[in-house]
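A short reminder: the numbers here are calculations on the coordinates, not readings from a lab. Not measured: the values here are computed from a predicted model. FYI the Cβ positions are ideal-geometry reconstructions off the backbone, even for glycines, and counts take in every protein chain you see.
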Amino acid sequence: MRNVYDVLEERGFLDTANFPEDLKELLGKESIVFYIGFDATADSLTLGHYSTIMAMKHMQNHGHIPLVLMGGGTTMIGDPSGRNDMRSLMSEEFIDGNVEKFLEQMARFLDLSEGKAIVDNNKKWLLNLNFVNFMREIGIHFNVNRMLTFDIYKNRINEGLTFFEMGYMLLQSYDFWELYTRYNCKLQMGGSDQWANMLGGTELVWQKEEEKVYCQTLKLLANSEGVKMGKTMSGAIWLDINKTSGYELFQYLRNSDDRDVITYLKRLTMIPMEEINELAKLEGKELNKAKEILAYEVVKDVHGKEEADKALEAAKALFQGAGSTENMPSTEIEVSRLEEGLGLLSLLTEVGLTKSNGEARRLVQQAGIFIDDKTVEDINKIITKKDFKDGKLIIRKGKKVFHQLIIK
């Protein structure tokens, strides 16, 4: 009988499981507690996290209990998975603040009420561990030679891998055992880069309890060029509207590659597969309709219908020459500053389109800056009042990023 496993598989979430057939059977016959861990390394979730949360939402909608595990303890070490350097150390107070913001955002997407979900924090059991007792009880179950065969360690061994980081697998595995004994949690889910850590947890539960538990990795959401979803030249795409506006989120998704839009619709929206399959039949310019639906649905779910409507209106102004530009990210410029003029390079940095004048210079030299759709060729260009039309000027960076200047 069809169950949530089939849904997640059909929508492209599933990667590797330790016992896939048994897991599918389990998900179809009983409601289980499953967990995903979130290390609170920033003060906001990203669009990459959102794909994982959507998988949790499908599971919850089918009657399973999500256990949201905040990594208040593991964040203090840092997971070496997918990294070529050691994560910067953070204070406990800083991490606690990030945890609060994570949960505040997550409550918009999952029902975290009692009986519907469980929220816990691994700092409860990790921060006061006795090292010698931990190594006697847990460390004896981990073979170093085997650990070094996993990519998370093998890829770092020549550059330098600290014992500090190597202990992360033991802590994440300990989490699974702790959650099994506390909540009868039978499944851990997470990104495909977590496979080794997750497998360690299932093996530890078997060693300690002689009980079979499961791990299921979720495919990392990447574009057709292999770049992780939500990563841009200027940094991450955040779910905090103060860090990434609804308009910027809309534009990021509206500009998805043709090859990626259907994948994103499956993973980032709750649109039924029947509708997505119809959108998959679109070709060429017609695919823009699917991109617009993708962008609108994600912004609506993340920030609300009002923000989605505003972003759509601004997009029409840019792509169709219709609608209003009032919802476009903008900066007010005092008219007095335009009397002598403003250097374009410093202006680009001031309004946040570039991080430095050096970056601005390179973009102009590479024909990547446009003013009112005209390529800027002069790195020494001075912006004056004459450049504005009806008190407004639109600067575009590349194909996707727009910013409006308004005379104050």
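What shape does the range 245-319 take by its C-alpha gyration tensor, where a ≥ b ≥ c are the square roots of the eigenvalues and a/c under 1.5 counts as rounded, a/b above b/c as prolate, and the rest as oblate?
On the way: a/c = 2.03, a/b = 1.36, b/c = 1.49.
Here the range 245-319 falls in the oblate category.
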Fraction of antiparallel bridges per DSSP, the range 4-218 only, in percent to nearest 5: 10 percent
Given the options Ala55, Ala42, Ala367, state which has the largest fluctuation in a GNM of the chain using a 10 Å cut-off (strictly under) for Cα springs. Ala367
How many percent of DSSP beta bridges within the range 330-407 run antiparallel, rounded to 5? 80 percent
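Taking 24 Å as the cut-off for C-alpha to C-alpha distance, list the pairs among Lys281/Lys397; Lys57/Lys305; Lys219/Lys285; Lys123/Lys355 that go past it. Can you show the working numbers first?
On the way: Lys281/Lys397 31 Å; Lys57/Lys305 19 Å; Lys219/Lys285 28 Å; Lys123/Lys355 36 Å.
Cα-Cα > 24 Å for Lys281/Lys397; Lys219/Lys285; Lys123/Lys355; rest within.
May I ask you to derive the relative contact order of the chain, considering only C-alpha pairs under 8 Å and at least 6 residues apart, and to give it as an integer percent? Spell out each step's value before the answer.
Details: 605 pairs, mean separation 60.3, N = 408.
Computed over the chain, the figure is 15 percent.
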So for Arg337, Arg267, fewest C-beta neighbours within 10 Å to most, what's the order? Arg337, Arg267
With the dipole of the range 288-408 defined by +1 on each Lys or Arg Cβ and -1 on each Asp or Glu Cβ, the option from Leu342, Thr375, Ile406 whose Cα lies farthest towards the positive pole is Thr375
Which one of Ala40, Ala308, Ala222 has the biggest mean-square fluctuation once the chain is modelled by GNM with Cα springs under 10 Å? Ala222
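How high is the relative contact order of the range 330-407, given as a whole-number percent (alpha carbon pairs under 8 Å, six or more residues apart)?
Numbers: 116 pairs, mean separation 29.3, N = 78.
38 percent.
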For the range 263-270, take each phi angle, set θ = phi - 60°, evaluate the Karplus expression 6.51 cos²θ - 1.76 cosθ + 1.60, and give the result in whole Hz per residue in order, putting x for glycine and proline. 4, 5, 4, 5, 8, 10, 10, 9
Normalised contact order of the range 245-319, rounded percent, pairs of Cα under 8 Å and 6 or more residues apart: 45 percent
For the chain, modelled as a GNM with alpha-carbon contacts under 10 angstrom, which of Leu353, Leu129, Leu187 fluctuates the most? Leu129
Are there any GluC sites (Glu not before Pro) in the range 5-80 that are in a DSSP loop and have at most 13 other Cβ atoms within 10 Å? List them by number. Glu30
